[in-house]
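The values are calculated or read from the model by the stated rules, or taken from the named source; none is laboratory data. Remember, predicted model here, so these are calculated numbers, not experimental data. No Cβ is skipped: glycine too gets one built from the backbone with ideal geometry, and neighbour counts run over all protein chains shown. With ligands, DNA and RNA removed, areas are computed over all heavy atoms of the protein, side chains included. Shrake-Rupley method; radii C 1.70, N 1.55, O 1.52, S 1.80 Å.
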Amino acid sequence: MNPEEIFQDKIDQEIKIEPKDWMPEKYRQTLIRQISQHAHSEIVGMLPEGNWITRAPSLRRKAILIAKVQDEAGHGLYLYSAAETLGISRDEMIEQLHSGKAKYSSIFNYPTITWADMGAIGWLVDGAAIMNQVPLCRNSYGPYARAMVRVCKEESFHQRQGFELLLHLSRGSEIQKRMCQDAINRWWWPSVMMFGPNDDASPHTAQSMKWKIKRFTNDELRQKFVDICAEQVKLLGMTLPDPDLKWNEEKQHYDFGKINWEEFWNVVSGNGPCNKQRLDARKKAWEEGAWVREAAAAYAEKRKSRQNIQAA
Amino acid sequence: MKNELIDFTLYLADNALIIGHRNSEWCGHGPVLEQDIAITNISLDLIGQARNFYQYAAQLINEENTEAKATEDTLAYLRDGWDFKNSLLTEHPNGDWAQTITRQFFFSVYQYYLYQQLQNCSNEQIAAIAIKALKEVTYHVKWSSEWMIRLGDGTEESNSRLKKAIDNLWMFTGELFDLSAYESVIYSAWNIDNDKIKNEWESKVKGILEEATLEIPVNATWHQSGGKTGTHSEHLGFLLAEMQSLQRAYPGNEW
Ligand SMILES: [Fe+2]
Ligand SMILES: [Fe+2]
């Protein structure tokens, strides 16, 4: 067998590919793109929720929200480390984010306008993320799969907390109910879009499935998500903003309305309500932190040379 | 004594909440991911401590007045600026990383030596909270000390930024050892030695600044005070307006 065949054979037998193993260059590049995009999403995703940390309406909620946003930072960290095993540095990846070469999940280009958005993001956005990510715990690249196991545990916790926040609002005052429905209305379609283009418009799916860095197609995962949310929203006594949402007895799935792909592609390509704001915030943090990173590096260097002198 | 105990407990709670809140403003904006996580962790620890103190204060207040219905949230969200007793240091804005680090360092060292004594005090609840919190505060002191040294002995820029931060914040450190009326009552009842806290604070701060190749500001003879008795800087009003906005906009709702 040639290296390519050995590689595919391992994948077919569900043996994990590890950093030192031979792998096709395209597999490496696809993984770098996918993992770094995922890492960037975690980091940019801290911003819309971070927006409410200072306004969280109770100390308990404040602590939960801070812990959640901090978890996302941790996810970013695991994922950057997993990507680094493929031969790219964290600084290079961050550079690609800032230059616009690397993408992040478009969902974070929507604004968080009310407190209820903290619930809707947990329920729908973390919910959709879990749907995407659980299969990734079994993806063929070892470091990525192991990172995803840790990530998924925390994401399902986030989703439950988000739902609980909305449930609380849904049983509260008129204004709280209104906040709850309004947030669901705004976050529903962007969440449905999180699964990416329809399968017929997703050219890389077949190769990624063969390499087992993707286990289900976008539309399969999206359908699963819609089916679950259509039931859960009833517990909230709220509705999803889709007049075409209807149980289909024959298919044993929910039918749902047309996705606005024009909006999706516009947000992806930079025209979302907060694209500029999010990227500017990331760049600002990075640039303003430059002197701190330089100081830490300079100090570490000084210490090392002092220790060398002592040792000599 | 009961009123002084309530005030002192609120003082401990307000200190922890306000500086914890300030630190949480960094979340998502830190200079590097690991430190974003670290400062957020410290923020979480401090808010956790604040909740413990507020819960105890609420219990005391409700015992005193059966109609009071105080909770941790009424205390954090429904009091006005003049009710807050936190020291001025804790409400000072984040500024750059050097200023945040310096604020944390000055405060954590104070908290550390104060809690050292509180852990043995005759009030069981306060002692229990202090014991639990000391593990966290020990780490805060270590983390902020390491950053003081790193910035002081790092680059020219970091050294001058740190120097500036120390100069800016130094005049707010004296208040920590200026006993308010309620502290005086509690300290003498519990045998808390303020001079000891002050001396330990000074020698720790001096030692770390030396390692950081810096010095205590020389001409600093005057210090600001007022926070402990509710006369705050202009900064606190904005912090509270933001923090309390939902509770104030929708009174009576539960979140
Ligand atoms: Fe995450
Ligand atoms: Fe999450």
Residue under question is B:Q49, and the condition is that it be part of a helix (DSSP H, G or I), within 13 Å of chain A (Cβ to nearest Cβ), of a type outside the set (K, R) and open to solvent by 10 Å² or more (accessible area, probe 1.4 Å); does it hold?
no
Selection within the stretch A:131-145 - assigned to a helix (DSSP H, G or I), of a type outside the set (V, I, T) and either within 15 Å of ligand 1 (Cβ to nearest atom) or within 16 Å of A:A83 (Cβ to Cβ) (or both)
A:M131, A:N132, A:Q133, A:L136, A:C137, A:G142, A:P143, A:Y144, A:A145
Does the stretch A:120-149 hold any residues that are more than 16 Å from ligand 2 (Cβ to nearest atom) and either in contact with an Asp or Glu (Cβ under 7 Å, 6 or more places away or on another chain) or among the basic types (K, R) (or both), and which are they?
A:R138, A:G142, A:R146
Since A:S156 meets every condition but one in (1) within 16 Å of the chain's Cα centre (by Cα); (2) touching a residue at least 60 places away in the same chain (Cβ under 8 Å), which condition does it not meet?
(2)
Of the residues in the stretch A:146-178 that are away from ligand 1 (no atom under 16 Å from the Cβ) and open to solvent by less than 20 Å² (accessible area, probe 1.4 Å), the one that is nearest to A:K68 (Cα to Cα) is A:L165
Being more than 9 Å from chain A (Cβ to nearest Cβ) and buried (at least 24 other Cβ atoms within 10 Å of the Cβ) is the filter here; which residues of the stretch B:24-41 pass it?
B:I39
Cβ-Cβ distance below 6 Å, separation of 6 or more or different chains: which pairs start in the stretch A:18-36 with a residue that is over 14 Å from A:E84 (Cβ atoms) and end on one that is open to solvent by less than 40 Å² (accessible area, probe 1.4 Å) and in a loop (DSSP other than H, G, I, E, B)?
A:Y27/A:W211
So B:A16 ticks every box in (1) surrounded by fewer than 19 Cβ atoms within 10 Å (Cβ to Cβ); (2) in a helix (DSSP H, G or I) but one. Which box is left unticked?
(1)
Candidates A:A82, A:A67, A:A128 - the one that is within 16 Å of ligand 1 (Cβ to nearest atom) and without any contact (Cβ under 8 Å) to a residue 40 or more places away in the chain:
A:A67
Checked the stretch B:101-128 for anything β-branched (V, I, T) and buried (at least 24 other Cβ atoms within 10 Å of the Cβ); matches are B:I101, B:T102, B:V109
Name the residue, out of A:A102, A:A73, A:A39, that is closer than 22 Å to B:D36 by Cβ, touching a helix residue (DSSP H, G or I) at 6+ places or on another chain (Cβ under 7 Å), touching a residue at least 12 places away in the same chain (Cβ under 8 Å) and not in a helix (DSSP H, G or I).
A:A102
Could you tell me whether any residue of the stretch B:163-177 is of a type in the set (A, V, I, L, M) and over 16 Å from the mean Cα position of the chain (by Cα)?
yes
Counting only residues that are away from ligand 1 (no atom under 16 Å from the Cβ), open to solvent by 20 Å² or more (accessible area, probe 1.4 Å) and over 15 Å from A:H98 (Cα atoms), which one in the stretch A:33-56 is nearest to the other protein chains (Cβ to nearest Cβ)?
A:R55
Restricting attention to the stretch A:256-273, does a residue exist that is touching a residue at least 60 places away in the same chain (Cβ under 8 Å), over 16 Å from A:W189 (Cα atoms), surrounded by 17 or more Cβ atoms within 10 Å (Cβ to Cβ) and aliphatic (A, V, I, L, M)?
no
Filtering the stretch A:280-301 down to residues that are under 22 Å from the mean Cα position of the chain (by Cα) and surrounded by fewer than 15 Cβ atoms within 10 Å (Cβ to Cβ), which residue is nearest to the other protein chains (Cβ to nearest Cβ)?
A:K284
Assuming A:I309 fulfils every condition listed in (1) within 13 Å of chain B (Cβ to nearest Cβ); (2) exposed (fewer than 14 other Cβ atoms within 10 Å of the Cβ) apart from one, which condition is it?
(1)
